[in-house]
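Quick notes on the structure that follows.
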Amino acid sequence: MDVSWIPGSADLVVVIVASLTVLGGVGATIASRSKRGAPPRPQGEPSPTVTADAPSAPASAPSAVRGAEAPEAPQSRLARLRSRLGGGFGASLLALLSKGKLSDDDWDELEETLLLADVGSSATDQILVSLKERLRANPDADPRAVLREVLIEAIDPDLDRSLALGAPGTGAHEPVVVVGVNGVGKTTTVGKVARVLVAEQYSVVMAAADTFRAAAADQLETWGARVGVPVVRSDREGADPASVAFEAAGRARDEGKDVLLVDTAGRLQNKAGLMDELGKIVRVVSKVKEPVEVLLVLDATTGQNGLTQARVFAEVANVTGIVLTKLDGTAKGGIVVAVQRELGVPVKLIGLGEGADDLAPFDVEQFVDGLLGSAS
Ligand code: GDP
């Protein structure tokens with residue numbers, strides 16, 4: 001099978017964005033600059049194909065951006081999107097706390113609100129204890145300020161939520177593997193993350209290693225074409241996903257790209273099969289370069305189900321960060337707290353809509369302000 005490599009127009013793109021920190025701070029990983037020859041293909045594997053459309057510039061695109069869109073700067077996104085969180089459990093908690101002196105029934109209602117928001121029982125207990133202590137110590141305190149402080153602590157402002165990437169422009173071809181079950185928004189997230197990285201001036205390659213769904217590869221190509229990011233895919237549905245990922249890793253290295261984003265299939269019906277598949281993808285990519293991140297995508301609307309999925313993926317892959325999608329589609333949002341506790345890894349990005357730039361780096365304070373419907 002013929003391999004074609006059409007350089008992505010990202011190579012030519014000058015994106016006009018202010019120089020920003022990487023998703024809230026550059027990670028500690030220092031990229032290797034090794035430039036070895038192309039890796040041998042595993043025997044009997046067909047060559048995946050690389051595609052990158054170079055669409056004509058949309059009428060609204062800045063003139064310096066030729067053939068691709070300029071995605072919104074990541075750091076401004078949560079400020080724009082956080083109103084989509086409003087009216088959730090934070091607002092209900094605040095309404096209860098603002099009643100003044102609270103009865104036992106009020107405290108029961110606070111507990112129920114937290115549990116219904118998927119915060120989880122241990123975090124709920126901790127939040128209630130903190131609220132009681134602080135309100136007892138300072139009965140005249142502003143309930144919003146106290147609640148804000150307690151929720152921020154529960155979500156943990158000290159976790160490092162940056163992606164562990166080196167600086168853009170180094171050609172370090174650092175792999176980021178994205179995992180999660182079908183339907184959670186995984187492929188969409190890969191496309192959106194590519195936009196985030198392009199906005200941060202990284203050069204990117206995507207691997208369509210969800211080879212069981214031809215539509216997934218097509219979807220990635222559409223995302224890639226918009227920002228000039230090439231996609232490595234197989235022409236054959238059901239091809240070995242590891243082969244596609246391996247090919248893409250080699251391309252990312254040989255073309256001196258900064259980041260390789262790998263979309264994977266998320267069939268959960270068989271844990272052993274999932275383990276084999278994800279394990280193989282990580283192993284073959286690691287032959288070129290060890291993944292710097294394994295991001296687990298979870299649908300925030302699935303509550304307990306999402307937590308069960310998270311456990312399975314944590315067992316089969318070394319998850320380093322969580323992407324919570326569809327937070328715009330739920331009035332709950334407490335799963336942010338529960339899933340971090342469950343897996344011991346931070347939520348790094350959140351999805352707040354279907355729009356191309358509706359994925360934002362997670363910022364605890366902005367998130368809590370969104371939950372509380374704060375105007376600040
Ligand atoms: P995959 O099967 O996990 O790869 O899921 P897809 O990426 O195909 O997405 C499934 C659906 O979820 C699509 O309709 C997406 O537009 C939608 N989706 C993804 N992220 C979000 C989000 O943050 N908010 C909303 N409302 N929809 C989303």
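Here are the numbers:
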item	result
Tally, over region 116-129, of residues that are modelled with pLDDT of 95 or more, under 25 Å from the mean Cα position of the chain (by Cα) and open to solvent by 10 Å² or more (accessible area, probe 1.4 Å)	0
Flag if Asp328 is open to solvent by 60 Å² or more (accessible area, probe 1.4 Å), touching a strand residue (DSSP E or B) at 6+ places or on another chain (Cβ under 8 Å), within 21 Å of Val347 (Cα to Cα) and not in a loop (DSSP other than H, G, I, E, B)	yes
Filter result (buried (at least 24 other Cβ atoms within 10 Å of the Cβ) and over 15 Å from the mean Cα position of the chain (by Cα)) within region 154-179	Ala172, His173, Glu174
Residue match in region 221-238 (condition: touching a residue at least 12 places away in the same chain (Cβ under 8 Å) and within 13 Å of the ligand (Cβ to nearest atom))	yes
Which numbered condition Asn182 misses (of (1) within 14 Å of the ligand (Cβ to nearest atom); (2) under 30 Å from Asp125 (Cα atoms); (3) open to solvent by 10 Å² or more (accessible area, probe 1.4 Å))	(2)
Whichever residue in region 54-83 is of a type in the set (D, E, K, R) and out of contact with any helix residue (DSSP H, G or I) (no Cβ under 8 Å at 6 or more places or on another chain) and, among such residues, is modelled with the lowest pLDDT	Arg80
Residues being aliphatic (A, V, I, L, M), within 16 Å of the ligand (Cβ to nearest atom) and over 17 Å from Asp299 (Cβ atoms) - total across region 320-370	1
Single residue of Leu165, Leu135, Leu94, Leu131 found to be assigned to a loop (DSSP other than H, G, I, E, B), more than 16 Å from the ligand (Cβ to nearest atom), out of contact with any His (no Cβ under 7 Å at 6 or more places or on another chain) and not acidic (Asp, Glu)	Leu165
Residue satisfying condition, being among the β-branched types (Val, Ile, Thr) and modelled with pLDDT of 95 or more, within set Val294, Val368, Val316	Val294
Extreme residue, surrounded by the fewest Cβ atoms within 10 Å (Cβ to Cβ), among residues of region 269-314 that are within 16 Å of the ligand (Cβ to nearest atom) and assigned to a loop (DSSP other than H, G, I, E, B)	Gln269
Residue identified as among the small types (Gly, Ala, Ser), within 18 Å of Val282 (Cα to Cα), over 18 Å from the mean Cα position of the chain (by Cα) and not in a helix (DSSP H, G or I) among Ala207, Ala239	Ala239
Unmet requirement for Glu111, which otherwise passes all of (1) touching a residue at least 12 places away in the same chain (Cβ under 8 Å); (2) loosely packed, with under 15 Cβ neighbours inside 10 Å	(2)
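The values are calculated or read from the model by the stated rules, or taken from the named source; none is laboratory data. Quick caveat, the model's predicted, so the values are computed rather than measured. Please note: Cβ atoms are built from the backbone with ideal geometry, for glycine as well, and neighbour counts cover all protein chains shown. Ligands, DNA and RNA are stripped out before the accessible areas are found, and what is left, the full protein with its side chains, is counted by its heavy atoms. Shrake-Rupley method; radii C 1.70, N 1.55, O 1.52, S 1.80 Å.
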